[in-house]
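The values are calculated or read from the model by the stated rules, or taken from the named source; none is laboratory data. All values derive from a computational prediction rather than experimental measurement. With ideal geometry, Cβ positions are generated from the backbone for all residues, glycine too; neighbour counts draw on all protein chains shown.
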Amino acid sequence: MSDIRLRKVRKRFGANEVIKGIDLDIEEGEFVVLVGPSGCGKSTLLNLVSGLETLSTGDIFIGKRKVNDVAPKDRDIAMVFQSYALYPTKSVEDNITFGMVTRHVPKEAREKALAEVSELLHIETLLTRKPGQLSGGQRQRVAMGRALVRNPDVFLFDEPLSNLDAKLRVEMRTEIKKLHQRLGKTVIYVTHDQIEAMSLASRIAVMDNGTIRQFAPPEAIYEEPVDLFVASFIGSPSMNLFKVRVVEKSGLRLEVTDEEGTIQFPVPVALAGSARAYLDRELYLGLRPETIGREGTQRPGRATFGFERMIDVVEPTGPDTLLVFTLGGIEAIARVHPEDKAPVDTRYRFEVNMDGAKLFDPETGKRLHPTVLKI
Amino acid sequence: MRERQVHGIVRPKNAASTALRLILFAVLGLFVLYYLMPLIVMVVTALKPLEEIRTGTLLSLPRDITFEPTLRAWNSACVGVRCEGLKPYVWNSIAMVIPAVVLSTMLGAINGYALTKWRFRGAAIIFGLMLFGAFIPFQVVLLPMARTLGAMGLAGTVPGLVLVHTVYGLAFTTLFFRNFFISVSDGIVQAAKVDGAGFFGIFFRIVLPMSPPAIVVTVIWQFTQIWNDFLFGIAFTVGDSNPVTVALNNLVASSTGVKEYNVDMSAAIIAAIPTLIVYVFAGKYFIRGLSAGAVKG
């Protein structure tokens, strides 16, 4: 087993720099998810670790070993590709054992490994088939099997579930998590799906434009995003971000005005110290949809605040119903219990749990940190 | 008359459209006749005795079918001063076409693979230059090629001709394979790299087994081009090393006294048969290969 360390890693394609100096320490046995919008460099970063791309500058260590100039086959890694990348002319068995054949593993050892892996993944009955005769989920299993027989120190997954339908994706996600718990190997997993990232990772690296914005456990990424980018990227539906003005009216207030009137949110107690510096200036107020509900439904003991708005759209999702309303020119979403829904174009009394509110500096995008300072 | 159901084609049933279809089929029938006419004349003439050719018309069917002219064309007609028929020249052509097709196809496959799956600095420029090679007319390369063959000691030999066709064919074979491999997922090659296979390991064990559609297209193209070539054959070989196309020309030109049309026609058919065979046998795989390539991945 190995930890992975990236030091000042940069990658240029011609004049275009896609990885702009990344430092990352991944501990042994960790499940790290690289997540970000398309084109943020997450797949390139994975390919740098796998050795399928060469570094422009910087160093990569797997375990004690510096692997900058080590070929992919000698890095003790196994990889699962987005398109499965099965060899179309080979049977499932030959697909899985191809790596062992090129490494001259003796036949008995090959057969033993094949038997173990095919049992683990429930693909024993498929071994003689060609990839073209398999369903998407079965292909995915074979691709995983090909990685597993390698018994590597590090597993690399490049969007492995993005070609599956929604139901299968959830199943395979659970299965990958189980496999990781069982094998305890270091995993780097690339995805653009933030739900996949949240549910799988021990730590998430949120990437944007060739840099890592935040590297932290899923809960921290969700509850304490460092900036506007991370806050709006993680979470679905994403965080409501309102432009507000900090005013002093019987305590600090966050004021937002539109044609339906003015609303003055109270400043969360913990953030008051930081917010005071922005008096008479603007801030972004971030409210996750689940922190906005019907009046009287917030858990007791929370700092709540009520306001009224018209409902524009109602979107039932099953467990929750999304109410879309407009506030300060922004389309905002509240996630309410289905029983709390109301018809479109009626006035609705919302209640916000202000303890969950986040504030962001509009220029730097950074989140304001709580202070112990009392007002 | 009951209209026969044709699956999947919806068409209106009225007099105007029926008339249009009749006209369409009449025109198509004319085209068929036009294209088949030379073949009919060749076959009919080849099977007639000389007497019948002189008295009958061009299109009249043979009364006594004879294979004697065909046999003469094969092994005793005079090509120049040598009276052994086309047989030795057919062997020359086979000895030329097989290595030339195999070599140019293999090299084209490796080129296409390297250009698409191991992209290196300048790959696009190199491909552009090779593509340019496909547009160079035969005549342009005649003189430099003659000098090269002379310098290599291959002038006037079948191996020399093999070299010429291999080099000239590379532009086309590289183009065919490059266009095929560009559609093969890079992930497959990357997976094989992680699995520990090298440049040739991936080529022979992963990529080449996926390539029958491209191989069939390339082989048909190259075989037809090389077998039917006349200019390189007449320019770079002499007498005994002539390919069959050149020998056919000489055979037709060197008849003395009475013009033996039936022998000439037979010789022409003999020279054309191998390309026909390749189409008949490989054409099936050609179609199959195309559709297999279309639905894959």
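Screening the candidates A:41, A:51, A:58, A:36 for the property of being free of Cβ contacts under 8 Å to residues at least 60 places away in the same chain, crowded, with 22+ Cβ neighbours inside 10 Å and not hydrophobic (A, V, I, L, M, F, W, C) yields one hit, A:51. In this structure, residue A:45 qualifies as modelled with pLDDT of 95 or more and under 22 Å from residue B:117 (Cα atoms). Determine whether residue A:101 is in a helix (DSSP H, G or I), in contact (Cβ under 8 Å) with a residue 40 or more places away in the chain and surrounded by 15 or more Cβ atoms within 10 Å (Cβ to Cβ). No. For segment A:63-91, filtering for residues that are at the interface with chain B (Cβ under 9 Å from one of its Cβ atoms), assigned to a loop (DSSP other than H, G, I, E, B) and more than 27 Å from the chain's Cα centre (by Cα) leaves 5. Here residue B:102 meets the list (1) of a type in the set (Val, Ile, Thr); (2) farther than 28 Å from residue B:220 by Cβ; (3) free of Cβ contacts under 8 Å to residues at least 40 places away in the same chain almost entirely, failing just condition (2). Scanning segment A:104-118 for residues that are outside any helix (DSSP H, G or I) and hydrophobic (A, V, I, L, M, F, W, C) gives a single hit, A:105. Looking across segment A:143-200 at every residue that is buried (at least 21 other Cβ atoms within 10 Å of the Cβ) and of a type in the set (Gly, Ala, Ser), the one that is farthest from the chain's Cα centre (by Cα) is identified as A:145. Of a type outside the set (Val, Ile, Thr), modelled with pLDDT of 85 or more and under 30 Å from residue B:267 (Cβ atoms), is that true of residue B:58? For residue B:58, the condition - of a type outside the set (Val, Ile, Thr), modelled with pLDDT of 85 or more and under 30 Å from residue B:267 (Cβ atoms) - is not met. Within segment B:153-173, residues that are without any contact (Cβ under 8 Å) to a residue 60 or more places away in the chain have Cβ atoms under 6 Å from residues that are aromatic (Phe, Trp, Tyr) and part of a helix (DSSP H, G or I) in no pair, counting only partners at least 6 apart in sequence or on another chain. Tallying residues that are of a type in the set (S, T, N, Q) and not in a loop (DSSP other than H, G, I, E, B) within segment B:247-277 yields 5. Considering segment A:1-59 alone, what residues qualify as being more than 14 Å from every other protein chain (Cβ to nearest Cβ), hydrophobic (A, V, I, L, M, F, W, C) and not in a strand (DSSP E or B)? Listed by number, the residues that qualify are A:1, A:15, A:40, A:45, A:55.
Kindly establish whether residue B:147 is among the basic types (Lys, Arg), assigned to a helix (DSSP H, G or I) and surrounded by fewer than 19 Cβ atoms within 10 Å (Cβ to Cβ).
So residue B:147 fits the description; yes.
For segment A:18-33, a residue qualifies if it is under 28 Å from residue A:238 (Cβ atoms) and touching a Gly at 6+ places or on another chain (Cβ under 9 Å), and the qualifying residues are A:18, A:19, A:20, A:21, A:22, A:23.
Screening segment B:150-246 for helices (runs of 4 or more DSSP H) wholly inside it with 3 or more residues that are surrounded by 20 or more Cβ atoms within 10 Å (Cβ to Cβ) returns the ranges B:158-181, B:186-194, B:212-228, B:231-236. The strands (runs of 3 or more DSSP E) located wholly in segment A:324-364 that include 3 or more residues which are of a type outside the set (A, V, I, L, M) occupy A:347-353. Would you mind stating whether residue B:193 is in contact (Cβ under 8 Å) with a residue 12 or more places away in the chain and within 14 Å of chain A (Cβ to nearest Cβ)? Judged against the criteria, residue B:193 is not a match.
Screening residue B:41 with (1) surrounded by 13 or more Cβ atoms within 10 Å (Cβ to Cβ); (2) modelled with pLDDT under 90 gives one miss only, at (2). For residues that are free of Cβ contacts under 8 Å to residues at least 24 places away in the same chain and small (Gly, Ala, Ser), scanning just segment A:104-132, find the one that is surrounded by the most Cβ atoms within 10 Å (Cβ to Cβ). Per the criteria, the residue is A:115.
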